[in-house]
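Novice: Here's a structure for you.
The values are calculated or read from the model by the stated rules, or taken from the named source; none is laboratory data. Just so it is clear, the structure is predicted and the values come from calculations on it, not from any experiment. Cβ atoms come from the backbone with ideal geometry, glycine included; neighbour counts cover every protein chain shown. Only protein heavy atoms, including side chains, enter the accessible area calculation; ligands, DNA and RNA are left aside. Shrake-Rupley method; radii C 1.70, N 1.55, O 1.52, S 1.80 Å.
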Amino acid sequence: VTAPNRRARRLLSPFAASSRSTARMPRRRRSSSSGWIAKASDWALPLLYRGESAKVRHAAAAKALQSVGLEGWEHHTPAELSGGQQQRVAIARAIVSEPAVLLADEPTGNLDTHRSQEIMELLWGLNVDHGITVLMVTHEPDMAAYAKRIVRCVDGLVASDTPNPHPAGLKAEVA
């Protein structure tokens, strides 16, 4: 970790695992890098930059995991999670700082149909319940059906921009 002074190195050292291989880390750091879904402190970094205390960062990470339905999974490693759960962790990482807009590039691209629907319902809920605008890129028409508005691009140009009068998320809410 390169930092201007000793205090900064100490503050940043827990975040080294996210950008470097754990093989380069001292043995004591490697063994502590498991659990807490690959160290929630790694993905609460935006809160550190805001100057939030460790207690606030930990609470925000726990709240984000709860929002994506992974409360109680804090001490699992990524290898112990399904593809859908790993995708939920990625979404939790994205919402830990409570953004106004969530950018999702093929959020269901490598998931089976059931897990894809779970992720889409989660994104729908983040929009409806938390007011987060979700801007999603997908090639899957059944996933695009969850959108309230569909913008189709062809060769880098907007080919159409239409509201979706019957988003799939509404059907999930009614059921």
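Novice: Of all the helices (runs of 4 or more DSSP H) wholly in the range 76-175, which have at least 3 residues that are modelled with pLDDT of 90 or more, touching a helix residue (DSSP H, G or I) at 6+ places or on another chain (Cβ under 8 Å) and within 30 Å of Tyr49 (Cβ to Cβ)?
Specialist: In the range 76-175, the matching helices (runs of 4 or more DSSP H) lie at 113-130.
Novice: Something else: Assess whether Ala100 counts as being closer than 21 Å to Ala60 by Cα, among the hydrophobic types (A, V, I, L, M, F, W, C) and surrounded by fewer than 21 Cβ atoms within 10 Å (Cβ to Cβ).
Specialist: Yes; evaluated as a whole, the condition is true for this residue.
Novice: If you check Leu157 against the conditions, is it open to solvent by 50 Å² or more (accessible area, probe 1.4 Å), farther than 13 Å from Ser67 by Cα and more than 22 Å from the chain's Cα centre (by Cα)?
Specialist: yes
Results for (1) among the acidic types (Asp, Glu); (2) without any contact (Cβ under 8 Å) to a residue 12 or more places away in the chain; (3) in contact with a Phe, Trp or Tyr (Cβ under 9 Å, 6 or more places away or on another chain), shown as yes or no for each residue.
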position	(1), (2), (3)
Gly69	no, no, no
Ala79	no, yes, no
Arg93	no, no, yes
Thr108	no, no, no
Ile119	no, no, no
Val128	no, no, no
Tyr146	no, no, yes
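Novice: Moving on to the next point. Return a yes/no flag: does the range 6-26 have any residue that is part of a helix (DSSP H, G or I), on the phi > 0 side of the Ramachandran plot and at pLDDT below 55.
Specialist: no
Novice: Of everything in the range 55-74 that's open to solvent by less than 30 Å² (accessible area, probe 1.4 Å) and outside any loop (DSSP other than H, G, I, E, B), which residue is farthest from Ala44 (Cα to Cα)?
Specialist: Per the criteria, the residue is Leu65.
Novice: Inspect all residues belonging to the range 144-151 and state whether any of them is of a type in the set (Phe, Trp, Tyr), surrounded by 10 or more Cβ atoms within 10 Å (Cβ to Cβ) and closer than 17 Å to Gln87 by Cα. Let's see the steps before the verdict.
Specialist: Step one: list which residues in the range 144-151 are of a type in the set (Phe, Trp, Tyr), which gives 146.
After this cut, where a residue has to be surrounded by 10 or more Cβ atoms within 10 Å (Cβ to Cβ) as well, the list is 146.
The next check asks that each one be closer than 17 Å to Gln87 by Cα; those that pass are none.
Checked against the condition, which is being of a type in the set (Phe, Trp, Tyr), surrounded by 10 or more Cβ atoms within 10 Å (Cβ to Cβ) and closer than 17 Å to Gln87 by Cα, the range 144-151 yields no hits at all.
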